[in-house]
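Below is one structure; the comments refer to it alone.
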Amino acid sequence: MKEKLNSLLEEANIALARVNSFKELERLNYDYLGRKGRLSMLAKKITDIPEKERKECGAVLNRVKQKLQIAFAGRKKQLEKPVFPKERVDYTLPGTAPKLGAIHPLTTFINKIVSIFTKMGFEVVEGNEVETQEYNFDLLNVQKNHPARDAQDTFYLNNNDRWVLRTHTSNVQLRAMKNRKPPVRIISPGRCYRNEATDASHEATFYQFECFAIDKGIRLTDLIGTLKTFLTFLYGDVNVRFRPSYFPFVEPGLEVDMSCLICKGGGCSVCKQTGWLELLGSGMIHPKVLKNMKIDPKIYSGFAFGPGVDRLMMLYYGINDIRLSYQGDLRFLRQF
Amino acid sequence: MKLPLNWLKEYVKFQQSPEELANLFTFSGSEVEKIIYPDKVLNSVIVGKVLLCEKHPNADKLTVVKVQISENPKKSISVVCGAPNVKKDQKVAVALLGVTLANGVTLEKTEIRGVVSRGMICAEDELGIGDDHTNVIVLDNGARIGQKVKSALAVSRAVFDFEITPNRPDCFSIVGLAREAAALTKKQLILPKVKNLPLIKEGKEIGVLVKDRRACSQYIACHLADITVSKSPVWLETRLRESGIKPINNIVDITNYVMLACGQPLHAFDANIIKNHKRAVITVRKGERGEKITLLDDKEYALGSKNIVIADTKNPIAVAGVMGGVSSAVSSNTKEIILEAAIFHPVITRKSAQSLGIRTDSSTRFEKGINANAIKQAVEMAVGLYQELVGARLVGYKETPVFRQKKLKSVQLSYQEIGEAIGLKISKKKIHEHLTLLGFEVKPVGIGKIRVTVPDWRLDINIPADIIEEVARMHGVNKLPATNMRVDVTVPPQEPMRALSSAIRNIMISYGFYELYSYSFYSDKDRRGDFLSMFCDGRFNHLEVDNPLSSEQRFLRKSILPFIMRSLSKNIALDPDSGIMVFELGRIFIPRGNKLPKEDIITAGGMSFAKDILQNNLLYLKGVVENIFKKFGIKDELTARSVNERDVILEYNNEVIATIYILRSVERDMYKIKKPVGIFEISLTRLLKIESGKKAFHTIPSYPAVTRDLSFEFANDILWGSIEKAISSPLLESINFLNQYQMPNKKSIAFRLIFRAEDRTLTAEEVEQDINKIKQLLKTKFNAKIRRKK
């Protein structure tokens, strides 16, 4: 009896859900709750039940009746409401989650570079930006009368006439080797300064990363290999070429060009119609510099290079003004 | 450095095209930045002869010129010309109607003040060979009428513009570049023919006195007579122009020509300087305070001990190695000259030129260093040209002994060393060939070893690495294989600051902050301002740039906040309807007396708020900052204090680690910020010291918690922090602030207490007991009144 009542309730609910008009509802109401309806029919059978259970069955019967009445009334109310079509969602509206900010493209780019070199076993070292002339120039074999030391190229500090704002990250070569012994592979990204008038392609503040390795038997071809690996990771399939050049802290020195990313070597204004971009200076660490690190150049050799990050980053994103990075302008920052 | 190719061809008979040759140079280390081809106009402009010059009837400064333009004397045109130097019988460059000049103008028949002009007699600029617009080009008399002006001018097929690296001063000469070209193309070098100087017996002896022999290690003076100052032959003028030097007259042009050819600067004085004295003495000495000289640029300069001067018996007549003086200049009346060739010290010359603010072709060559052994050849070449082109006669000669003559250098190294350093085995034969082509002498010494003798023009070669570079560049560095460094298995240690910075940046952007980069310098106003970092003290104790780009960039920042403020201001103005959130992670510079400054790493940021509700805004930013610390497992150890109830200062072990501040409207006005804003800074340098990096895991509790929400009324001056601190019970797991609202003269604070035991389910009685104790405590300690029980 109890089971029958419960399944009646279930059936009624299912039927109710399918009802879509008052007429149908009325008939269903008659079927279930009418004088000769299914519930009445069941109720009549209550007398067949043994006395012990009759009371309990009666209670169930009343509860089911109540529930049915509520359900019918509810459905009636629903049918009285104006009929809406199925709820629609405009999935093309913008999402409403909190907006994310963004990391500066120079940070992103430095991270990219660092991750390439850490995969190659390079250790990241931080360097200082206020530096002595000794570490910025002398120990790097930049002679006292070298034009790079002119006040029109280097920022000097009033507080101490031996201090400069480092003009490159190469000071880290010497700083890092104060408490390390070869073999080492080190990368050190950081901010550098040069006293020059700024324009779309020149900034007095810029980023470089120093990259160097010292070990027994490091060869010029290792430098070439490392640079090719790095540039391929960074830009994909690019052509790289090497030219002899001169930097006081290396010997031999190599200038590295990469096929222009903008015109793919065809010639454009970015590469001054040459199809090539001058990327960076590199070379084998000068024996004098190794000696300044207290490393015997007869036993060890090493390579070093220190490209500017700003330019590599600008080429990557196609940014045409180096100064944009330092203006704190959200119209720029929001694009990354 | 510019290299006209037909000048080069005189010294090296190369077969390559200009482009091929440029590549050879570039890939061996002498970079050809640009190949300059002669202007097309030179193919259409022809040689003409001036038949007649008449004054223009209606203009004082114009001439009407009749020019013959073909070998047929009847073929002539009439041209109106403005140049003052046009004269009858001159051979000139004539552009006929329809010709497009170097400046883009196409000639048409025109009428100039009533006279018809059917062409143009060209100046340098119109032919694209120089800047001069005043005078027309005058060609050699031998030029054939009607011939293309390109051949009459002896214009080069191409001119290379080099970027010469500072280690190769020898390449600052045509001969030096020819040596490279000869080695690269494997052709013989044909040096300009020079005659040995004749022994001088006749004439007046020139006295030369070098007082500072370190500054001037050798001085040669030649007395040349029978001089006629005039224009140089066209081929010489063209070579000078193509090399970027303006032709002046035959005397000066020859000094410049020889300087370009050999790299040895020369100077010609009018010989009056010695004629006026009984016994001529040229003195090389230091400048004296109070001495003045007017140089050839017509400016007067005050001299001092930084300058080395050439003086007659009394007065300076030139600044050594830099520029000659007006008093001894060659003029159109000069009949005799003294030709000077000398070796001046690089650094002394540089400082001398710098002190006067002048750079000349001469001073740059001395600065870079010149080959002292080549001075004789330069003098011989110059004297030869004076004899040949000017008809001069050498009548006096003086040569001082060389001060500290340099011996040829030599370097020893092994073949193996070369191969190992480069990473490629290069055969002994090839090594010999490469080095010999460059002028090195290679001698085997012992097994597998060589002694390489360095030619005197290679000032840059001193150590084995230099020789290795020579071999590598002759082999072609671009042809070298790429290798991988031999394996090194150690895992590099982490730089903790990088990891911390990276984590902070990621947290910041997840809140919607944009990272910005600003400059490391700020102005005096910023230095004195109210937005200095809490992480350093002393407004005025800043590092100061001695030579800043502008006064706005004079001081090294001790705070990032001024930049944050400017960025907020700018971005709010640009986009007033959006929330602006920015931060920077960078360095501040804290002076430490004689030690290099402390460079602390700071994160500073700021954001705008839609509404100006102090507490809400302050707590929002406080939440951002606290969450950062939470991320690194630091929360309960921090204490908060406030100075003015617009700020929160978070401290760890009594050291400030972060600050949050909501700006007053007057402070916003200072930066023209048009919205409520708050700022914060966190010292990452300090955070790094305490950050453990690890979070301890607590077992997930196995027994349920009992939660009770309570609400009390407190007096306004009671802070939540003190309430939170006061409440304690062994069963209490945590206290969570729920909300607070203001009532007249008091405030209501609601909070949630969570009780839990690790080993059992708490009974209602236990909890109730604790809660009663807490209620009692709040009543007695804070005079709190319970509001309701949730």
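Of all residues in the range B:427-480, which are in contact with a His (Cβ under 6 Å, 6 or more places away or on another chain) and β-branched (Val, Ile, Thr)?
Selection gives B:Val442, B:Val471.
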Out of all the residues in the range A:197-204, is one or more more than 24 Å from B:Glu495 (Cβ to Cβ), touching a residue at least 60 places away in the same chain (Cβ under 8 Å) and within 8 Å of another protein chain (Cβ to nearest Cβ)? yes
Output the residues belonging to the range A:304-336 that are in contact (Cβ under 8 Å) with a residue 24 or more places away in the chain and facing chain B (nearest Cβ under 9 Å). A:Ser325, A:Tyr326, A:Leu333, A:Arg334, A:Phe336
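Select, from B:Asn617, B:Asn653, the only residue that is touching a residue at least 40 places away in the same chain (Cβ under 8 Å) and more than 30 Å from B:Thr761 (Cα to Cα).
Only one candidate passes the filter, namely B:Asn617.
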Residue that is at pLDDT 95 or above and either surrounded by fewer than 17 Cβ atoms within 10 Å (Cβ to Cβ) or more than 35 Å from the chain's Cα centre (by Cα) (or both), where the choices are B:Glu441, B:Glu399, B:Glu470, B:Glu388: B:Glu441
Any residue at all in the range B:705-712 that's closer than 30 Å to B:Arg641 by Cα and outside any strand (DSSP E or B)? no
Failed criterion for B:Ser28 (all others in (1) part of a loop (DSSP other than H, G, I, E, B); (2) open to solvent by 50 Å² or more (accessible area, probe 1.4 Å); (3) within 14 Å of chain A (Cβ to nearest Cβ) hold): (2)
How many residues of the range B:559-596 are under 30 Å from A:Gln133 (Cβ atoms), part of a loop (DSSP other than H, G, I, E, B) and in contact with a Ser or Thr (Cβ under 6 Å, 6 or more places away or on another chain)? The answer is 1
I need the helices (runs of 4 or more DSSP H) fully contained in the range A:122-237, keeping only those with at least 2 residues that are open to solvent by less than 10 Å² (accessible area, probe 1.4 Å). A:171-176, A:220-235
Restricting attention to the range B:536-553, does a residue exist that is surrounded by fewer than 17 Cβ atoms within 10 Å (Cβ to Cβ), facing chain A (nearest Cβ under 7 Å) and not charged (D, E, K, R)? yes
Checking B:Ser17 against (1) under 30 Å from A:Asp257 (Cα atoms); (2) crowded, with 19+ Cβ neighbours inside 10 Å, which test does it fail? (2)
Tell me, which residue of the range B:477-533 that is in a helix (DSSP H, G or I) and under 30 Å from B:Asn23 (Cβ atoms) is farthest from the other protein chains (Cβ to nearest Cβ)? B:Lys479
If the requirement is being under 22 Å from B:Asp600 (Cβ atoms), part of a strand (DSSP E or B) and among the aliphatic types (A, V, I, L, M), which of these qualifies: B:Ile628, B:Ile649, B:Ile634? B:Ile649
Just for strands (runs of 3 or more DSSP E) wholly inside the range B:63-171: which have at least 3 residues that are of a type outside the set (Asp, Glu)? B:63-68, B:76-81, B:91-96, B:115-117, B:119-121, B:159-163
Output the qualifying pairs, or none if there are none: Cβ atoms under 7 angstrom, residues six or more apart or on different chains, first residue in the range B:688-702 and within 17 Å of B:Asn627 (Cα to Cα), second residue at pLDDT 65 or above and part of a helix (DSSP H, G or I). B:Leu688/B:Pro496; B:Leu688/B:Met497; B:Leu688/B:Leu500; B:Glu691/B:Leu500
When the range A:124-143 is examined, which residues are found to be more than 17 Å from B:Arg592 (Cα to Cα) and at the interface with chain B (Cβ under 8 Å from one of its Cβ atoms)? A:Val124, A:Val125, A:Glu126
With respect to B:Ile660, determine if the residue is under 16 Å from B:Ile504 (Cα atoms) and in contact with a strand residue (DSSP E or B) (Cβ under 7 Å, 6 or more places away or on another chain). no
May I ask you to list the residues in the range A:277-328 that are outside any loop (DSSP other than H, G, I, E, B), open to solvent by 10 Å² or more (accessible area, probe 1.4 Å) and hydroxyl-bearing (Ser, Thr, Tyr)? A:Ser301, A:Tyr316, A:Tyr317
Here are B:Ser748, B:Ser692, B:Ser729, B:Ser683: which of them is at pLDDT below 90 and surrounded by 14 or more Cβ atoms within 10 Å (Cβ to Cβ)? B:Ser729
Residue in the range B:597-609 that is surrounded by fewer than 21 Cβ atoms within 10 Å (Cβ to Cβ), assigned to a loop (DSSP other than H, G, I, E, B) and more than 9 Å from chain A (Cβ to nearest Cβ) present: yes
Just to be sure, is B:Glu367 buried (at least 24 other Cβ atoms within 10 Å of the Cβ) and charged (D, E, K, R)? yes
If I filter the range A:250-270 down to residues being part of a loop (DSSP other than H, G, I, E, B) and under 19 Å from A:Val309 (Cβ atoms), which single residue comes out as modelled with the highest pLDDT? A:Cys260
Identify the residue in the range A:83-110 that is more than 7 Å from every other protein chain (Cβ to nearest Cβ) and among the polar types (S, T, N, Q) and, among all such residues, is least open to solvent (accessible area, probe 1.4 Å). A:Thr108
Quick one: which helices (runs of 4 or more DSSP H) sit completely within the range A:1-50 and have at least 3 residues that are surrounded by 13 or more Cβ atoms within 10 Å (Cβ to Cβ) and without any contact (Cβ under 8 Å) to a residue 24 or more places away in the chain? A:22-33
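The values are calculated or read from the model by the stated rules, or taken from the named source; none is laboratory data. The structure presented is a predicted model; accordingly, all values stated were derived computationally and were not measured. Note that we place each Cβ from the backbone using ideal geometry, even for glycine, and neighbour counts take in every protein chain shown. Ligands, DNA and RNA are stripped out before the accessible areas are found, and what is left, the full protein with its side chains, is counted by its heavy atoms. Shrake-Rupley method; radii C 1.70, N 1.55, O 1.52, S 1.80 Å.
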